[in-house]
Amino acid sequence: MTYVLVSLRGDKATQDADEFARWFADRRAPSAAFHEESPPHAEVREAASKTPNALVFAHDGGGSIRAVEGGPPWADAQTFASMFQGARVWVYACDTRSDVLEADLAMFGRLAQKAGVRVLAGHCGRVKLPFLLPGFPVIHEDLYQALHRAFVAFLEGEDDVAALRGAALAGVPLGRTAAVVSPWLQQAMNTLRVLS
């Protein structure tokens, strides 16, 4: 399994996401990785043309993704699709999809998929990556491991949302850890939608 990793690093939320992205990359090395506010489109396009499988961590805002909430866009749906033409991409960002069909037709995820992204996983609602819980490193690790399982399943070709949610929730230890991990994880995974 190879993939391209794009982590738009800017504000606190995307820095937390980048912490996870680096942790993930240490366990599943990407063929190319971009950890910056605005990676060059041409370089990302070249990497994705060789490896049409990707994870992207960012903010969504008005049909484009960005490193800073309310900041300048990195890519609108058309530009994004030109970089990830024919690729499978999970965009871990808020509101890239909608549960309401009429609204979803104008959302980033639907537009990017229509413009040529082969499979697009996105989120309808707010999502974030867990920040370090002081004094609870085991819980933090369990959250990371759960997301790791879901992302790996996607990168290996899984498109079924229920299967991706199941992969995330499988292996969450019972007890106090589950009481913290499961609700947070279920909230994040309940926003997941996949267009294929």
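The values are calculated or read from the model by the stated rules, or taken from the named source; none is laboratory data. These numbers come from a predicted model, not from an experiment. Because the Cβ atoms are built from the backbone with ideal geometry, glycine has one as well, and the counts that use them run over all protein chains shown.
Taking the stretch 6-24, which residues are aliphatic (A, V, I, L, M) and either in contact with a Ser or Thr (Cβ under 9 Å, 6 or more places away or on another chain) or more than 15 Å from THR51 (Cβ to Cβ) (or both)? Write out each step before concluding.
Filtering the stretch 6-24 for residues aliphatic (A, V, I, L, M) gives 6, 8, 13, 17, 21.
Of everything in the stretch 6-24, those that are aliphatic (A, V, I, L, M) and either in contact with a Ser or Thr (Cβ under 9 Å, 6 or more places away or on another chain) or more than 15 Å from THR51 (Cβ to Cβ) (or both) turn out to be LEU8, ALA13, ALA17, ALA21.
Filter the stretch 1-13 down to the residues that are part of a helix (DSSP H, G or I) and not basic (Lys, Arg) and list them by number.
Step one: filter the stretch 1-13 for residues part of a helix (DSSP H, G or I), giving 12-13.
Passing the criteria: only ALA13.
Looking only at the stretch 113-130, decide whether some residue is part of a helix (DSSP H, G or I), in contact with a strand residue (DSSP E or B) (Cβ under 6 Å, 6 or more places away or on another chain), over 22 Å from PHE24 (Cβ atoms) and of a type outside the set (Val, Ile, Thr). Quick ask: steps written out before the conclusion?
Restricting attention to the stretch 113-130, the residues satisfying the condition of being part of a helix (DSSP H, G or I) are 113-114.
So of that shortlist, the ones also in contact with a strand residue (DSSP E or B) (Cβ under 6 Å, 6 or more places away or on another chain) come out as 113.
Among the residues that remain, those that are also over 22 Å from PHE24 (Cβ atoms) are: 113.
When the remaining residues are screened for being of a type outside the set (Val, Ile, Thr), the result is 113.
Yes, the stretch 113-130 has at least one match.
Of the residues that sit in the stretch 159-171 and are surrounded by fewer than 18 Cβ atoms within 10 Å (Cβ to Cβ) and either at pLDDT 85 or above or in contact with a Phe, Trp or Tyr (Cβ under 7 Å, 6 or more places away or on another chain) (or both), which one is nearest to VAL6 (Cα to Cα)?
ASP159
Restricted to the stretch 14-33, and to residues that are touching a residue at least 12 places away in the same chain (Cβ under 8 Å) and in a loop (DSSP other than H, G, I, E, B), which residue is farthest from PHE151 (Cα to Cα)? Write out each step before concluding.
Taking the stretch 14-33 and keeping what is touching a residue at least 12 places away in the same chain (Cβ under 8 Å), we get 14, 16-25, 27-28, 30-33.
Subsequent filtering for residues that are in a loop (DSSP other than H, G, I, E, B) retains 28, 30-31.
Numbers: ARG28: 10, PRO30: 13, SER31: 15 Å.
Selected residue: SER31.
Tell me, which residue of the stretch 81-112 that is part of a helix (DSSP H, G or I) and under 14 Å from the mean Cα position of the chain (by Cα) is surrounded by the fewest Cβ atoms within 10 Å (Cβ to Cβ)? Steps first, please.
Within the stretch 81-112, the first condition is being part of a helix (DSSP H, G or I), and the residues that meet it are 81-83, 101-104, 108-112.
Next cut, under 14 Å from the mean Cα position of the chain (by Cα) only: 108-109.
Numbers: PHE108: 26, GLY109: 28.
Here the residue is PHE108.
Please tell me if TYR3 is touching a residue at least 24 places away in the same chain (Cβ under 8 Å) and closer than 21 Å to CYS124 by Cβ.
Numbers: touching a residue at least 24 places away in the same chain (Cβ under 8 Å): yes; closer than 21 Å to CYS124 by Cβ: no.
Answer is no for this residue.
Might you check whether a residue that is surrounded by 16 or more Cβ atoms within 10 Å (Cβ to Cβ), in contact with a Pro (Cβ under 8 Å, 6 or more places away or on another chain), outside any loop (DSSP other than H, G, I, E, B) and at pLDDT below 95 occurs anywhere in the stretch 134-142?
yes
Out of curiosity, is HIS35 surrounded by 15 or more Cβ atoms within 10 Å (Cβ to Cβ), modelled with pLDDT under 95 and either under 22 Å from GLY10 (Cα atoms) or in contact with a Phe, Trp or Tyr (Cβ under 9 Å, 6 or more places away or on another chain) (or both)? Explain how you work it out, then say what you get.
On the way: surrounded by 15 or more Cβ atoms within 10 Å (Cβ to Cβ): yes; modelled with pLDDT under 95: no; either under 22 Å from GLY10 (Cα atoms) or in contact with a Phe, Trp or Tyr (Cβ under 9 Å, 6 or more places away or on another chain) (or both): yes.
So HIS35 fails the test.
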